[in-house]
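The values are calculated or read from the model by the stated rules, or taken from the named source; none is laboratory data. Since this is a predicted model, take the numbers as computed values, not measurements. Glycine gets a Cβ as well: all are built from the backbone with ideal geometry, and neighbour counts include every protein chain shown.
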Amino acid sequence: MNPISGEWITLPVSDGTPMRAYLARPQSAPTAPGLLVFQEIFGVNSHIREVCERLAIEGFTALAPELFHRTAPGFASSYDSHLPGREEAVKMTLPGLEEDFKAVADWFAADSQTGSRKIGSIGFCMGGRMSFLAASALPLACAASFYGGNIPQHLDRLDRVNSPLLLVWGGQDASIPPEQRQQLEEALLSAKKCFMNVCFEPAGHGFFCDQRASYHAEAAHLAWPLTLDFLRKYLDPEARQ
C-alpha cells in the first residue's frame, strides 16, 4: 500500500473568495496525475475524503474542493436529509463553478507533483454533474460521473466536452429516471463523443457510498476497479502495463 498524506488546504478563487479543499496525495511519488473529486450534496464529508485517500493509494493526487464555499464554508450534513445541501446547491452559479474549477486546475498546474501530468475528474451524486461541467470548462484528460442527475440540462455545453466520459448509474435509481439517462446517451452518440455507459441494475442512487442506506456492496466493488482502469487509461497509461 502506498503511503499517503491527507490535509485541508485553501485555494484562491479569481472572485476573491477562499475555497477550502481536501488534498490526498501519494507521498513517495515524485509526480502523479491530478484528480478533481467532486462532492455529493452533503459536502466534502468523511466519505468524499475517504474517496480521495483511496485514489491517493492508487497513485493519484486527489483534490476535493468545497463547492459551497461562498455560502457555507465547511459545510457537511447528515445523510438523513438532502434539504440542507439543496438549500446551498441552488445558490451555486455556472460562472462561479467555472471559477472554482479553474482554481483547482491552476493549483494542479503549479504543484510540483502534478504540474507535469494530466488531470481528470470524478464526482458523485451532485458531483457527478459537476464532473461533466468540469469537462466542459477545462481541458481534462477524462471525467467520471457516478449517478450524476440533471446532466441533460447542460447539453448546450456538450460541444465543449472533448474528454472521454465514464458514466456510472444505478438501475434502480429513483432520483434519475431512465429517460434522463437515455437522453444523455442519445446526445453523446449524436455528438460522436467518447464515453462508457455502465449501469448496475440492482443498485440505487448513492450505491457507492458505504455511509448511505442505499449502499450496494456488490455494485460498489465492481465499479471501483472499472473506474480505476478508466482513470489509468487516460491519466496514467504506464500504470496499466
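Being modelled with pLDDT of 95 or more and within 15 Å of LEU35 (Cα to Cα), is that true of even one residue in the stretch 166-184? Yes, the conditions are met somewhere in the stretch 166-184.
Condition check ((1) closer than 21 Å to GLU50 by Cβ; (2) acidic (Asp, Glu); (3) within 17 Å of the chain's Cα centre (by Cα); (4) surrounded by 17 or more Cβ atoms within 10 Å (Cβ to Cβ)) across all residues:
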site	(1), (2), (3), (4)
VAL90	no, no, no, no
PRO95	no, no, no, no
ASP100	no, yes, yes, yes
ALA103	no, no, yes, yes
ALA110	no, no, no, no
THR114	yes, no, no, yes
LYS118	no, no, yes, yes
GLY123	yes, no, yes, yes
MET126	yes, no, yes, yes
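For the stretch 128-139, filtering for residues that are among the small types (Gly, Ala, Ser) and within 13 Å of the chain's Cα centre (by Cα) leaves 4.
THR10 meets each of the listed conditions (1) surrounded by fewer than 18 Cβ atoms within 10 Å (Cβ to Cβ); (2) part of a helix (DSSP H, G or I) apart from (2).
Being modelled with pLDDT of 95 or more and out of contact with any helix residue (DSSP H, G or I) (no Cβ under 7 Å at 6 or more places or on another chain): is that true of ALA220 here? Judged against the criteria, ALA220 is a match. Every condition in (1) of a type in the set (A, V, I, L, M, F, W, C); (2) crowded, with 24+ Cβ neighbours inside 10 Å; (3) out of contact with any Asp or Glu (no Cβ under 9 Å at 6 or more places or on another chain); (4) under 26 Å from ASN2 (Cα atoms) holds for ALA62 except the one numbered (3).
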